[in-house]
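Let me begin by presenting the structure, written as structure tokens, before commenting on it.
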Amino acid sequence: MNLKIKLILVSCLLYVSANSQSLIHYWNFNNTSSFNDHIAVTNSLINGASLDSLRFTGGTSLIDYTNGTGQGFDVNNYNARNSDPSGNHLRFNNPIYGALIFSLPSTGYKDVMVKYAGMRSGSGAYYQFIYYTTDGSNYSLFDTIEPTTTPTLYTLDFSSLTSVNNNANFKVKILFGQGGGGTAGNNRIDNFTMEGNSLSGNDILPPTVVFSPLNNEINVAVNVLPTITFNEAIRLLNNANIGSADSLVVLKLNDSAGADVGFTAAYSNKVLTITPNANLLNNQKYYLALKGNRVEDLSDNAIVTKQQIGFTTIALQTVFNPGDLVPIAYRMNATATDDEVALITLVNILPGTLIKMTDAKFTDNTQNQCNGGLVWTAPSTGVAAGTVINIKNDVPSTNIGTLTGSAFGLSSGGDQFIVYAGAATTPTHITALSSNNWITSNTSCSGSNSKLPTSLQDGVSSINLSTASGNVSGNTANAFYNGPQNLPLNQLKDSILDVKYWVGTASGTAPQTWPNWGFDGPPVVTSAKVLSSNSIELVFNKDLDNTSATNLANYTGIAGLQSVTRTNNGSLKDSIVLIYASSFVNSTNYSL
């Protein structure tokens, strides 16, 4: 039988160039096939561009070309060009024992600008000393940068140095200094570019475009207004101004052969904005293209080739309330053991739901919630209430779902673990724990202390363990909930968030043995299969209430349900057989 049944069971459940400079050299570091492929220039208008790394005598500096992912570059893909995905970035380990040298010939160009996204690890070099040479060997200090611990865009403006213009020997060297950082760790660089203006004054290059969303971007908001940004003003090929822009672009489901998506398009100030007629569908791939041979710049340079991207919208998200997830255990500093936090969800979580988890602080700043941390994504099956989710944060891994983003360590001297949905600029806080007491005022995004997010309340949706059994001077570095587990979920939360049920230990002690969690929860479908051309069997993990299980109104999505039969299979497991009035149609997707 060629029958496809998709069962989804739900229970209450740029960077943009502001001028018309030409992009002369560009490294995106996305190629990890080999070391040489990784450091090779991605695009270049002039021969001779290269990247070399130096290791000083006795040093251990190394470009780790296979492990430059995440760390926030996947969230903020600063300075990416050609709608490139975040992919990989340059990871330079133990940087103070080495240097990076970019050969950047500027032959035929002036007004040179260099840009790149960069950051350091907590134990990485605190300073980047920027040197340059115009003869290929004698370097002068140009600038000193103090990279942050999150990706930041840095600009090196060489436009006032005429010696850099039209120079085949121009190079930039980056040296590293310890400063307030460490002697190990790493510095990371991504999307390194050099731009300039043609010496001839003649524009011979077509406009460049940057799409937003970026190519292959995921979790795009369904109310997105995609844009195509040009690096210079454009017009139609017949030299006419752009009026209605609808005919210039294509928006489709899935790919270039997909169904058309209705939209209007408008062009203003180098930006073409696409406005869909309605919100896009959740968890759907879309295709967006700028047609070829339709527009040109004011010097008659046309964009000949079709420019295109694909992106995927965000899955339908669970709407959380404070306390819908709560912590039940954590390790901030146990001997020879990774940091880890265990959370229990008290609600069903929809497939593809995104949750942010961080030790970045809640502050009195204009943006209260600091950036950074990990993003957890629920698996395609969703997560049932009563499930325990384990998060290892310093060596990221989870027992269910997936983790992306920037790893972080929890401090033995006191730290917090804050959980929220949405962006850090507009977070919906779900829960938080602190090993010490919350402070009443705070403007720092780091350190060992945080304010309690204003929408949370200890004992109701969050907890601080400063008074837990085993605390040392008001700090409990490791602890777990040791209270009753067989309570209804609405009562269980009150018990979990009561400090008297927690057992803690000091930092540097052996890992605690956490209980074998066995929290109650609602029924969960453990299997589903098609029995015949008009019947489906669902198997649940526990005994069901007969009235609700046999109520036809509780099964929606497939029309024509005729009867429901419940059978107890022993071991407190039930099976439900749904019989429909008509046969299913072959090669059709159904959602129940």
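I need the Debye-formula profile for the stretch 12-134: one equal scatterer per C-alpha, no solvent, reported as log10 I(q)/I(0) at q = 0.13 1/Å, two decimals. Debye curve over Cα of the stretch 12-134, log10 I(q)/I(0) at q = 0.13 Å⁻¹: -0.58. Based on alpha carbons, the Rg and Dmax found for the stretch 417-564 are 22.0, 67 Å. Computed log10 I(q)/I(0) for the stretch 212-332 at 0.11, 0.12, 0.16 Å⁻¹: -0.46, -0.52, -0.78, from the Debye equation with unit scatterers placed on every C-alpha and solvent omitted. Of the accessible area of the stretch 223-329, computed with a 1.4 Å probe over protein heavy atoms only, carbon and sulfur atoms account for 47 percent. Computed as a quarter of the hull surface, the mean projected area of the alpha carbon convex hull for the stretch 64-196 stands at 7.8 nm². Averaged per residue, the chain has 43 square angstrom of accessible surface, using a 1.4 angstrom probe with ligands and nucleic acids left out.
For the stretch 96-166, list log₁₀ I(q)/I(0) at each q in 0.15, 0.19, 0.23 Å⁻¹, using the Debye formula over Cα point scatterers of equal strength and ignoring solvent, two decimals each. For the stretch 96-166, the Cα-only Debye profile gives -0.57, -0.86, -1.14. For K285 and A40, the difference between the fully extended length at 0.36 nm per residue and the C-alpha to C-alpha distance is 85.1 nm.
Start at zero, step by 10 Å, and the Cα-Cα distances of the stretch 339-493 spread as 11, 41, 38, 10, 0 percent across the bins. Exceedance of the 27 Å cut-off in Cα-Cα distance is limited, within the set K270/K306; K356/K529; K356/K451; K110/K270; K285/K392; K171/K291, to K356/K529; K285/K392; K171/K291. When every alpha-carbon pair in the stretch 479-586 is counted, what percent end up more than 17 Å apart? Result: 66 percent of Cα pairs exceed 17 Å. Our Cα-only numbers for the chain put the radius of gyration and Dmax at 28.3, 85 Å. Note on the stretch 473-528: semi-axes of the ellipsoid equivalent to its C-alpha gyration tensor, largest first and rounded to whole Å, are 28, 15, 8.
For the pair L298 and Q562 in one chain, pulling the backbone fully straight at 0.36 nm per residue adds 88.3 nm over the alpha carbon distance. With 10 Å bins beginning at zero, the pair-distance distribution over Cα atoms of the stretch 308-429 amounts to 13, 44, 33, 9, 1, 0 %.
What do you get for Rg/Rh over the stretch 356-415 if you use C-alpha atoms and the Kirkwood form of Rh?
Dividing the radius of gyration by the Kirkwood radius yields 1.03.
Calculated [222 nm] ellipticity per residue, helices only, for the chain: -500 deg cm²/dmol; basis is -39500 (n - 2.57) per DSSP H run with n ≥ 4, divided by all residues, nearest 500. The smallest convex shape that holds all Cα atoms of the stretch 126-221, its convex hull, gives 167 Å³ per residue.
In whole angstrom, note down how far apart the Cα centers of the stretch 201-249 and the stretch 120-140 are. With the stretch 201-249 and the stretch 120-140 each reduced to a Cα centre, they are spaced 36 Å. Comparing Cα centroids, the stretch 433-450 and the stretch 263-307 end up 46 angstrom apart. One quarter of the convex hull surface built on the alpha carbon atoms of the stretch 133-177 amounts to 4.0 nm², the projected area averaged over directions.
The values are calculated or read from the model by the stated rules, or taken from the named source; none is laboratory data. A quick note: this is a predicted structure, and the numbers were derived from the prediction, not measured. Please note that ligands, DNA and RNA were not included when accessible areas were found on the heavy atoms of the full protein model with its side chains. Shrake-Rupley method; radii C 1.70, N 1.55, O 1.52, S 1.80 Å.
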